[in-house]
Amino acid sequence: MRASSRAYGRRMTTHASLAALFPAAFVSAGRVTFAEAVRAHQDEVYGVALRILGDRDAAREAASAAFLKAYRSWERYDQTRPVRHWLLRIAANEAITIGRSRTRERARTTNVDEAGGVPDPAQTPDQALVAREERDRVRSAVAGLPELYRVPVVLRYFSELSIDEIAAVTGRPSATVGVQLLRARALLRASLEVRS
């Protein structure tokens, strides 16, 4: 599930302000421009960072750092490869770096994102409350996973990437990603059983 534009609070920038900030990025010559890549993937980049970090301000910082790093490397980017994977890899790495730099004493928030979806109008208020509590439990459990397992889980179940795509994003072999997802699901199952 891709993060909605609302999840970022506001769109990062407008097309005109991107052109002012990154004039060279608008030179196309048959290539995807940097501005097009930002427009197409900014919400997902932010969403990945948010789910890895669990903090909106830190996620904005990671998304901004990821796009700055991507812009600086844009001329070296191999356009035969999917830009989405490249940007998500940079975003995941930036989020991990920021997460590592934060103090260990800081409590992880369970408020991963409030944009968990629009309530189903067919649900009663009680059903909607139970559904939201269940989403919060799952998000809290994901946030509590070790980084080694949290990143593949976020990419698989929140960004809906395949195992091969996750391998491309993280630079890990597909078999390793598969094992990490298997172990992560076991940890999540145990965590959710304890919280029940």
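The values are calculated or read from the model by the stated rules, or taken from the named source; none is laboratory data. In this text, all values refer to a predicted model and were calculated from it rather than measured experimentally. Note that we place each Cβ from the backbone using ideal geometry, even for glycine, and neighbour counts take in every protein chain shown.
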Inset, instruction - Assess whether Thr124 counts as being at pLDDT below 85, more than 14 Å from the chain's Cα centre (by Cα) and under 21 Å from Thr97 (Cα atoms). - result: no
Inset, instruction - Specify the residue that is farthest from Val83 (Cα to Cα); the eligible residues are those in the stretch 140-175 that are basic (Lys, Arg) and part of a helix (DSSP H, G or I). - result: Arg150
Legend entry - Residue in the stretch 154-184 that is farthest from the chain's Cα centre (by Cα), counting only those that are surrounded by fewer than 17 Cβ atoms within 10 Å (Cβ to Cβ) and in contact (Cβ under 8 Å) with a residue 24 or more places away in the chain: Arg183
Legend entry - Matching residues, the stretch 161-184, being of a type outside the set (D, E, K, R) and over 22 Å from Glu44 (Cβ atoms): Pro173, Ala175, Thr176, Gly178, Val179, Leu182
Legend entry - Index of the failed condition, Glu133 passing every other in (1) exposed (fewer than 14 other Cβ atoms within 10 Å of the Cβ); (2) touching a Phe, Trp or Tyr at 6+ places or on another chain (Cβ under 8 Å): (2)
Inset, instruction - May I ask you to say which residue of Thr97, Thr110 is in contact with a helix residue (DSSP H, G or I) (Cβ under 9 Å, 6 or more places away or on another chain) and modelled with pLDDT under 80? - result: Thr110
Inset, instruction - Would you please name the residue that is nearest to Glu94 (Cα to Cα), looking only at residues in the stretch 163-187 that are in contact with a Leu (Cβ under 8 Å, 6 or more places away or on another chain) and of a type outside the set (Ser, Thr, Tyr)? - result: Val169
Legend entry - Ser191 being under 20 Å from the mean Cα position of the chain (by Cα), among the polar types (S, T, N, Q), assigned to a helix (DSSP H, G or I) and closer than 24 Å to Asp55 by Cα: no
Legend entry - The one condition in (1) modelled with pLDDT under 90; (2) outside the structural domain of Arg156 (by TED's automatic domain parsing); (3) assigned to a helix (DSSP H, G or I); (4) of a type in the set (Lys, Arg) that Arg89 fails to fulfil: (1)
